[in-house]
1. Would you calculate the convex hull of the Cα atoms in region 14-120 and tell me its volume per residue in Å³?
2. Could you state how much accessible area Trp142 has, in square angstrom rounded to the nearest 10, with a 1.4 Å probe and all protein chains kept in place?
3. Would you mind classifying region 345-444 by shape? Square roots of the alpha carbon gyration tensor eigenvalues, ordered a ≥ b ≥ c; an a/c under 1.5 is rounded, otherwise it is prolate if a/b is larger than b/c and oblate if not.
4. Describe numerically, in nm with one decimal, the distance between label points set 7 Å from Cα along Cα→Cβ at His278 and at His428.
5. With a sphere of radius 9 Å drawn around the Cβ of Ala38, what net charge do the other residues whose Cβ falls strictly inside it have (Lys, Arg +1; Asp, Glu -1)?
6. If you add up the charges near Tyr88, with Lys and Arg at +1 and Asp and Glu at -1, over every other residue whose beta carbon is less than 10 angstrom from its beta carbon, what do you get?
7. Tally up the carbon and sulfur contribution to the accessible surface of region 281-333 as a whole percent, 1.4 Å probe, everything protein left in place.
8. Given a Förster distance of 56 angstrom, what is the FRET efficiency for Trp221 paired with Leu256, based on the Cβ-Cβ distance and rounded to 0.05?
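The values are calculated or read from the model by the stated rules, or taken from the named source; none is laboratory data. The model shown is predicted, which means the values in this text are computed figures rather than measured ones. Cβ placement follows ideal geometry from the backbone for every residue including glycine, while neighbour counts extend to all protein chains displayed. Accessible surface areas use protein heavy atoms only, side chains included; no ligands, DNA or RNA. Shrake-Rupley method; radii C 1.70, N 1.55, O 1.52, S 1.80 Å.
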Amino acid sequence: MDRSPTPNLDDVFAYVDEHAQAFLARLIDYVRRPSISAYGEGIGEVAEYIASVMREMGLSVRIMPTSGWSMVFGEYFVGGNVPTVLLYGHYDVQPPDPLEEWISPPFEPTIRGGRLYARGVGDNKGQHFALLMALETLLACWGALPCNVKVLLEGEEEVGSPHMPEFVSEHRDELKADMVIFSDGPVHENGQSTLCFGVRGVLDIELRAYGANRDLHSGHWGGIAPNPLWTLVHLLATMKNERGEVTIDGFYEHVLPITEKEREALEQLPIDVDEVKHSLGLKRLDEPKERGYFERLAAGPTLTINGIHGGYGGPGSKTVLPHEAVAKCDIRLVEAQTAEEILAKVKAHVQRFAPEVSVSSHGGMDPSKTSLDSPFTVPIREAIRAAQGAYPLLVPAMGASIPEYVFTKTLGIPTFGVPYANADEANHAPNENMEIARFFSGIKTGAAILIYLGAIGYCEPSAWKR
Ligand SMILES: [Zn+2]
């Protein structure tokens with residue numbers, strides 16, 4: 001087995017090229033099977049299906065129950081002198097409606113213009129299936145894998161991964177690994193590959209204010225009965241200033257400043273800000289002005305008012321003094337804020353400025369970040385270049401939130417996102433698709449990553465530095 005620091009991947013890539021049509025046919029067979037977690041259609045069958053695909057390639061596989069839909073877990077153990085890689089993906093898909101907007105039916109996979117159209121092909125079946133085909137390729141070429149591999153496929157990602165935190169903490173030992181790699185989401189807008197190191201967290205809050213026990217005439221009662229909408233407006237005005245700073249006491253206390261390396265990586269991400277402003281019809285970006293575009297998404301916590309409701313909003317006028325008002329907000333969290341800590345700070349703030357307002361939350365998700373200096377960064381980067389001919393862009397953290405913290409915090413291991421889908425994959429929307437070339441390149445990339453990581457056992461990570 002070739003485990004030198006600059007492994008020869010030609011035989012592996014040739015195998016992928018030779019078997020490309022067979023891999024594609026198998027992907028088609030996978031995505032034509034509905035597995036809709038929102039209402040359970042096909043979930044059990046698809047868990048069995050993908051478990052048997054993994055079993056046939058030589059992994060030992062278990063379908064592990066949760067209080068919701070099951071996890072599919074597979075393992076392949078080589079030995080103690082190579083890293084253990086946990087590959088994560090999800091076998092569930094979004095509901096396909098509105099059906100009438102699909103050019104070809106969502107569960108009748110169709111090729112048009114070099115893309116495969118089907119629900120779940122980008123999010124996430126085509127991506128984790130590429131990783132599985134990478135394992136199969138390595139086993140076919142070499143008879144063994146270059147690292148120890150664990151595969152965890154979730155069945156509830158599209159409904160918010162409600163059982164992931166519990167599952168991961170209950171199965172810490174089985175999931176033990178040196179790192180997590182997952183392929184989900186799109187590559188950069190301009191088509192360049194990315195290597196992602198983190199995500200922002202999120203916390204939702206609902207503020208509710210009450211006035212009288214019923215709506216009142218604003219002439220008869222205005223100046224007598226307090227207006228809950230004004231109560232909320234005043235309260236919200238104490239939570240963020242015009243400079244874009246959140247003014248909740250202690251809000252920034254645990255925010256880690258971005259490192260020099262992270263700043264450099266963020267500045268290298270291509271973006272045409274004028275084009276973004278133009279396409280959104282914006283004259284300016286949000287405050288604070290001086291912050292870089294991607295720094296805003298990766299390193300800036302936000303407080304967003306999602307909506308304020310109460311009183312009358314219909315045609316004409318209605319001189320009503322409303323009896324109730326509600327504001328829904330979300331807070332995007334960055335390292336090392338936690339949802340629990342920030343919720344407590346919001347409650348303390350409301351207690352101080354408007355104690356009659358109630359605060360509730362459906363809960364949140366902590367942020368997650370892996371260091372750009374991780375010893376695995378260089379081999380993964382080199383592997384992507386070997387498979388795709390170009391280095392990936394480095395994304396220190398993405399703006400949106402997924403429960404990646406279960407790996408970086410609960411398991412305490414570095415986690416890398418290596419997305420394969422095109423930026424216009426239309427996930428969660430009609431006509432979801434994946435460029436077929438990206439599926440093939442995903443198989444090669446997955447294989448190259450495992451080979452390069454496997455080589456770590458034979459040479460110190462510092463030897464990778466270039
Ligand atoms: Zn999704």
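1. 132 Å³
2. 50 Å²
3. Taking the square roots of the gyration eigenvalues as a ≥ b ≥ c, region 345-444 is oblate.
4. Output for this residue pair reads 2.7 nm.
5. Net of charged neighbours comes to -3.
6. Result for the neighbourhood of Tyr88: -3.
7. That share works out to 52 percent.
8. 0.65
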